[in-house]
Amino acid sequence: MKTAVVILNWNGRKLMEEFLPSVVEHSAAAAIVVIDNASTDDSVDWLKNHYPEIQIVINSGNFGYARGYNEGLRELLKKESFDLLCLLNSDVQVTKNWLQPILEIFVHQPKVAAVQPKILDYKNPEYFEYAGAGGGFIDNFGYPFCRGRVFWTLEKDLGQFDDSIPVFWASGACFFIRTGDFLDSGGFDEAFFAHMEEIDLCWRLKNKGREIYYCGASTVYHLGGGTLKANSPEKTYLNFRNNLSMLVKNLPQWKVFPIIFLRLILDGITGIVFLFYEGFSHCFAVVRAHFGFYVRLPGNLKLRKPGISNYYKGKFVPLKYFLAKKKCFSELDTIDAE
């Protein structure tokens, strides 16, 4: 399959210096492309001087993750066609033979639209990394979690997720998708800007009968926090706003109102907890997220498509995590939603 590994960059020369060599070394079977989101540092000049073989697509502005990839990929695909796209964060170190196991899934399973590898922590490589870990799911209230990562608890990689299985969502840190599926779905929802756009896209793909997979035979290491730090109020704002928008767009008809109503209440409780433990800025970020959600509600309602009923893998995961102290995926009593 003709494959492009596509890296979105914004002022990331230092990240590219550190992580791009591994991509070049271990990706001989793919073309490597950098989409630049109108960087103001010397990223592009550095790239041209050190890796002249890498194709560069320059966007006219900093469009964030969602629109940045949408626009850059449209320009790329005008010039050259690819069967498969790997959307790779600029802070990811890949490993030897990381591509082949994933390519084999796409070749042998035509219903699979998107795949992610095992994602470990670059700074603490024995542990899974927050953004994707061993494959993503959501609970019945729409809270994302992963095998190997439930909320803020990261599991040690002991080989427990070396399998390849269907999952609900694949991580945007290293997101493989068939070009046809990306184009047919309309790509990422650009209103998200960043965070949860990949979960929204995976949900839309699943609503169309397509499958999402995790491949434990492929491993990458993710630094995380390259653009927004984990404790950033802006990250809190985007996660809460986009999660609610995603639910409105994709939930089954009869679940939209009750789930959103309960989520607004739970978010309010979370905001109060943030006030005491994270500070006013994070509490206010939740309030802003709700107002941002209300502003976007009419548009999101227009984007609704019939949702699958078996969208969730676990029930009441926040209660199990925070009250029952079940911190690992194996303790959650997950259900078979696939």
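The values are calculated or read from the model by the stated rules, or taken from the named source; none is laboratory data. Not measured: the values here are computed from a predicted model. So basically every Cβ, Gly included, is an ideal-geometry build from the backbone, and we count neighbours across all protein chains shown.
Odds and ends about this structure:
- Of the strands (runs of 3 or more DSSP E) that lie entirely inside the range 133-231, those containing 2 or more residues that are in contact (Cβ under 8 Å) with a residue 24 or more places away in the chain, within 25 Å of Thr270 (Cβ to Cβ) and out of contact with any Pro (no Cβ under 7 Å at 6 or more places or on another chain) span 144-146.
- Qualifying residue in the range 19-28 (condition: aliphatic (A, V, I, L, M) and without any contact (Cβ under 8 Å) to a residue 12 or more places away in the chain): yes
- Some residue of the range 31-49 being within 19 Å of Cys174 (Cα to Cα) and among the small types (Gly, Ala, Ser): yes
- Checked against the criterion of being surrounded by 21 or more Cβ atoms within 10 Å (Cβ to Cβ), assigned by TED's automatic domain parsing to the domain that holds Ser60 and without any contact (Cβ under 8 Å) to a residue 40 or more places away in the chain, the range 97-119 contains not a single residue that satisfies it.
- Residue ID - farthest from the chain's Cα centre (by Cα), chosen from residues in the range 39-61 that are surrounded by 15 or more Cβ atoms within 10 Å (Cβ to Cβ) and assigned to a loop (DSSP other than H, G, I, E, B): Tyr51
- Considering the range 231-266, the residues that are surrounded by fewer than 21 Cβ atoms within 10 Å (Cβ to Cβ) and of a type in the set (D, E, K, R) include one that is farthest from Leu319 (Cα to Cα), namely Glu234.
- Among residues of the range 282-338, those that are aliphatic (A, V, I, L, M), at pLDDT below 90 and over 22 Å from the mean Cα position of the chain (by Cα), counted: 1
- Matching option when the condition is in contact with a Phe, Trp or Tyr (Cβ under 8 Å, 6 or more places away or on another chain) and closer than 22 Å to His195 by Cβ, among Glu71, Glu17: Glu71
- Within the span defined as the range 239-259, one or more residues are aromatic (Phe, Trp, Tyr) and free of Cβ contacts under 8 Å to residues at least 40 places away in the same chain.
- Filter result for the condition that a residue is more than 23 Å from Phe151 (Cα to Cα) and surrounded by 18 or more Cβ atoms within 10 Å (Cβ to Cβ), over Gly271, Gly299, Gly307: Gly307
- Inclusion of Phe261 among residues that are of a type in the set (Phe, Trp, Tyr) and on the phi > 0 side of the Ramachandran plot is not warranted.
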